[in-house]
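The values are calculated or read from the model by the stated rules, or taken from the named source; none is laboratory data. Remember, predicted model here, so these are calculated numbers, not experimental data. As a convention, Cβ positions derive from the backbone with ideal geometry for all residues, glycine included, and neighbour counts pool all protein chains shown.
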Amino acid sequence: MTFNRPEVLNALNRQLVDEALDAVGRLPRDTRVLVLRGAGDKAFAAGADIAEMQQRTLWTDLDFGPRRELARRLEDAPFPTVAALNGFALGGGFELALACHLRIASDSAKVGLPETRLGIMPGNGGTARLARLVGQARALQFILLSEQIDAGEAERLGLVNWVVPAKQFDERVDALVERLVQLPPVATRAVIDCVTRGGGMTLDQAIENEHRWFQICLASPDKQEGVAAFLEKRRPEFSGV
């Protein structure tokens, strides 16, 4: 899925968010992976549309619901969601990237949450998701000072999983997708659920959730195929059914 407003660095206006939310809602049930990226080679998404934001107040904030819903759907998806950061990922754009399960960045990418420069703050999960990834002190520094960091620093902090040369970006994204689509769907869904939801559970609850999913995996056709392929020394062909 591509944010296609390159003339404004793929800034997120209401129409773009609504279209993205509709596209996610229409994905087939057998979807194996979803990649988000920005059109052009300058930006993933450079935040909210400032011209549109100028009209937003507490009383006209009704259009922010779709942005939160889009982030939740990316985070709760039963298949891997990947943010492919091919340039600037700022503000609301970076918040959507943080909601994805995985992030791959071009070595020319820059990320940040610069909202305090506008007299506001992140409003779509940026404070919560960033703090969970880098800790409270670093998140406060990052947000309060409106810091923008390059892809290498983002990788060092654990904000992105991979940094690749800009000239190889498309090739490396395609290679990652190829690996992800070959994963067993049931086990993939199980791992995503356990890891993303486990942080909000007690240790006992998280282990119990893991055990429940482990039982589901054991009873799945994917387990039968995986074991058979291992014994027969061939590549498994997982169906997820």
Original post:
Condition test on Ala105, is it over 19 Å from Glu147 (Cα atoms) and at pLDDT 95 or above?
Top reply: no
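Hey, does the range 124-146 have a residue that's among the β-branched types (Val, Ile, Thr), surrounded by fewer than 21 Cβ atoms within 10 Å (Cβ to Cβ) and over 24 Å from Gly199 (Cα atoms)? Step through it out loud before you land on a result.
In the first step, residues of the range 124-146 are kept if they are among the β-branched types (Val, Ile, Thr); the result is 127, 134, 143.
Adding the requirement that they be surrounded by fewer than 21 Cβ atoms within 10 Å (Cβ to Cβ) leaves 127, 134, 143.
Next cut, over 24 Å from Gly199 (Cα atoms) only: none.
There is no residue in the range 124-146 that is among the β-branched types (Val, Ile, Thr), surrounded by fewer than 21 Cβ atoms within 10 Å (Cβ to Cβ) and over 24 Å from Gly199 (Cα atoms).
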**OP:** Filter the range 15-50 for residues that are touching a residue at least 24 places away in the same chain (Cβ under 8 Å), over 15 Å from Phe3 (Cβ atoms) and not acidic (Asp, Glu) and give the result.
**Re:** Gly25, Thr31, Arg32, Val33, Ile50
Original post:
If a residue has to be crowded, with 18+ Cβ neighbours inside 10 Å and among the hydroxyl-bearing types (Ser, Thr, Tyr) to count, how many in the range 188-202 make the cut?
Top reply: 1
Original post:
If Arg235 passes every condition in (1) among the basic types (Lys, Arg); (2) under 18 Å from the mean Cα position of the chain (by Cα); (3) more than 19 Å from Cys100 (Cα to Cα) but one, which one does it miss?
Top reply: (2)
**OP:** Mind listing just one residue for me: the one in the range 28-40 that is part of a loop (DSSP other than H, G, I, E, B) and in contact with a strand residue (DSSP E or B) (Cβ under 7 Å, 6 or more places away or on another chain) and, of those, nearest to Ser106 (Cα to Cα)?
**Re:** Ala39
